[in-house]
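First comes the structure, then the notes that go with it.
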Amino acid sequence: MIITSSPKLTFADFLEQYPDGSGRYELVNGELVKVEPTRADKNIARFLVRRFDRESERLNLDYIIDKDIIVKTVTQEGEERGRNPDVAVVKAEVWNRNVRTYGALTEPIELAVEVVSTNWEDDYIDKREEYQRLGIAEYWIVDYLAIASRAFLGNPKQPQILVYRLVEGEYQLRSFSGSDRIFSPTFPELELTVDEVLTASGIREL
């Protein structure tokens with residue numbers, strides 16, 4: 001028996017073959033991978049989009065905030081990947097350089113947010129490394145169910161929001177939980193606590 005395998009997709013292939021109207025996808029290991037967030041994940045993403053958007057308007061920061069922005073990343077091994085953060089914050093001047101193209105960016109964005117699901121290693125390890133390499137200035141991991149291992153969340157585990165800030169090419173971490181006000185370099189005057197984000201999930205027992 002002869003087993004043949006399909007050639008791995010490049011980022012350009014990924015954009016060309018992206019299935020319209022059938023959900024969100026990422027390019028991982030040269031393949032289209034469907035991203036299927038839960039309703040709670042979507043609730044948090046929508047909530048953060050609204051809060052970031054209001055803050056951007058209030059301070060006249062001129063950001064584009066969206067849930068459907070694809071970003072090209074590259075792994076340490078040089079593999080091209082296409083990531084679709086749950087929330088992305090982009091400078092308007094970057095977004096508007098070529099408004100006739102589709103929503104894929106090859107430049108670093110200001111802020112990426114990932115709401116953690118069962119494949120938490122992707123957010124904590126793979127995406128963190130890729131976003132750092134690309135030069136994304138700020139990266140949030142919203143682990144509202146405390147899914148990650150104790151190595152990341154401590155013992156006992158509790159829901160947290162981890163904020164990575166890019167300093168001289170490497171991420172520095174601050175963790176927030178409970179009633180902590182989340183400090184964001186992108187939105188330095190943002191008045192937002194972890195508890196408010198958890199409540200936005202719609203899960204009553206949180």
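Rg and Dmax of the chain over Cα atoms: what are they, in angstrom?
That works out to 17.2, 64 Å for Rg and Dmax.
Three principal axis extents, largest first, for the C-alpha atoms of segment 13-126, in Å?
Principal axes ranked by extent give 40, 33, 30 Å for the Cα atoms.
Please state the shape class of segment 117-172: rounded when a/c is under 1.5, otherwise prolate if a/b exceeds b/c and oblate if not, all from the C-alpha gyration tensor. Intermediate values should be presented prior to the final figure.
Working: a/c = 2.38, a/b = 1.84, b/c = 1.30.
In terms of gyration-tensor shape, prolate.
Write out the trypsin sites (Lys or Arg not before Pro) in segment 91-132 meeting two conditions: DSSP loop, and at most 11 other Cβ atoms within 10 Å of their Cβ. Kindly include the intermediate steps, with their values, before the conclusion.
On the way: sites: 91, 97, 100, 127, 128; in loops: 100.
Those satisfying the criteria are 100.
So, by mean Cβ neighbours within 10 angstrom, what's the order for 183-192, 107-116, 78-87, 13-22 with the highest one leading? Present the calculation step by step, with values, prior to reporting the outcome.
Working: 183-192: 15.2, 107-116: 23.2, 78-87: 19.9, 13-22: 12.0.
Those peptides, ordered most packed to least, come out 107-116, 78-87, 183-192, 13-22.
Pulled fully out, how much extra length does the chain show between residue 54 and residue 38, if you take 0.36 nm times their separation in residues and subtract their Cα-Cα distance?
Values: separation 16, 0.36 × 16 = 5.76 nm, distance 2.46 nm.
Length gained, residue 54 through residue 38: 3.3 nm.
Which value, in debye to the nearest 20, describes the size of the charge dipole of the chain about its Cα centre when Lys and Arg Cβ atoms bear +1, Asp and Glu Cβ atoms bear -1, and nothing else is charged? Write down the numbers at each step before the final one.
On the way: 26 positive and 37 negative charges, 76 e Å.
I would put it at about 360 debye.
Got a number for carbon plus sulfur as a percent of the chain's accessible area, 1.4 Å probe?
That fraction is 45 percent.
For the chain, what is the calculated [θ] at 222 nm in deg cm²/dmol (nearest 500), taking -39500 (n - 2.57) for each run of four or more DSSP H residues and dividing by its residue count?
Numbers: 6 runs with 50 residues, N = 206.
The helix contribution divided over the chain gives -6500 deg cm²/dmol.
Taking a cut-off of 20 Å between Cα atoms, list the lysines near residue 67, but don't count ones fewer than 8 places away on the same chain.
Answer for residue 67, where 20 Å is the Cα cut-off: 34, 42, 91, 127, listed by chain and number.
The values are calculated or read from the model by the stated rules, or taken from the named source; none is laboratory data. Since the model is a prediction, treat every value here as computed from it, not as a measurement. Heads up, the Cβs are rebuilt from the backbone with ideal geometry, glycines too, and the neighbour counts pull from every protein chain shown. Quick note on the areas: whole protein, heavy atoms, side chains included, nothing else; ligands and nucleic acids left out. Shrake-Rupley method; radii C 1.70, N 1.55, O 1.52, S 1.80 Å.
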